[in-house]
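Peer 1: The structure that follows is given in the form of C-alpha cells.
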Amino acid sequence: MKNIQIKASSFFELLKAKDTSMWEIFAQMIDGEEKEIIFLDEEEKVLFNYFLPDNLEKLEQDRKTFAEQYTQKLSGMN
C-alpha cells in the first residue's frame, strides 16, 4: 500500500480555489491500488487519514457514508 502525505490546509485551499470536491480528486487518484492518504497540519503532525479504495464503487460508498455522518454531526450541533 502506498502512503501519500498531504498538507491539509493547502489541500483544502486548493479545492476551494479550483471549486472542486475532494471526492473528485480522490477519484482521479484511483489506479487499482489502495492508498493511505495522511493529512498533516503545518507542523507535520497527523490530523487524520483516509484509505483510498482501489475502485470507484467503493469510493462512492465512502462518499455517501461521509455525507451521512457529516449530516448527523451537523444536526447534533443544533
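The values are calculated or read from the model by the stated rules, or taken from the named source; none is laboratory data. None of the values given here were measured: they were computed from a predicted structure. In this analysis, Cβ positions are derived from the backbone assuming ideal geometry, glycine residues included, and neighbour counts consider all displayed protein chains.
Peer 1: For residues in the stretch 16-35 being outside any helix (DSSP H, G or I) and more than 10 Å from the chain's Cα centre (by Cα), which is nearest to Ala67 (Cα to Cα)?
Peer 2: Thr20
Peer 1: What pairs can you find where one residue is in the stretch 36-62 and under 18 Å from Glu13 (Cβ atoms), the other is hydroxyl-bearing (Ser, Thr, Tyr) and modelled with pLDDT of 95 or more, and their Cβ atoms are less than 6 Å apart, with a gap of 6+ or different chains?
Peer 2: Between residues of the stretch 36-62 that are under 18 Å from Glu13 (Cβ atoms) and residues that are hydroxyl-bearing (Ser, Thr, Tyr) and modelled with pLDDT of 95 or more, the close pairs are Ile37/Tyr50.
Peer 1: So if I check each of Glu24, Glu57, Glu34, Glu44, which one is charged (D, E, K, R) and surrounded by 13 or more Cβ atoms within 10 Å (Cβ to Cβ)?
Peer 2: Glu34
Peer 1: Also, I was wondering about something else. Looking at the structure I just gave you, is Phe11 free of Cβ contacts under 8 Å to residues at least 12 places away in the same chain, within 13 Å of the chain's Cα centre (by Cα) and surrounded by 11 or more Cβ atoms within 10 Å (Cβ to Cβ)?
Peer 2: No.
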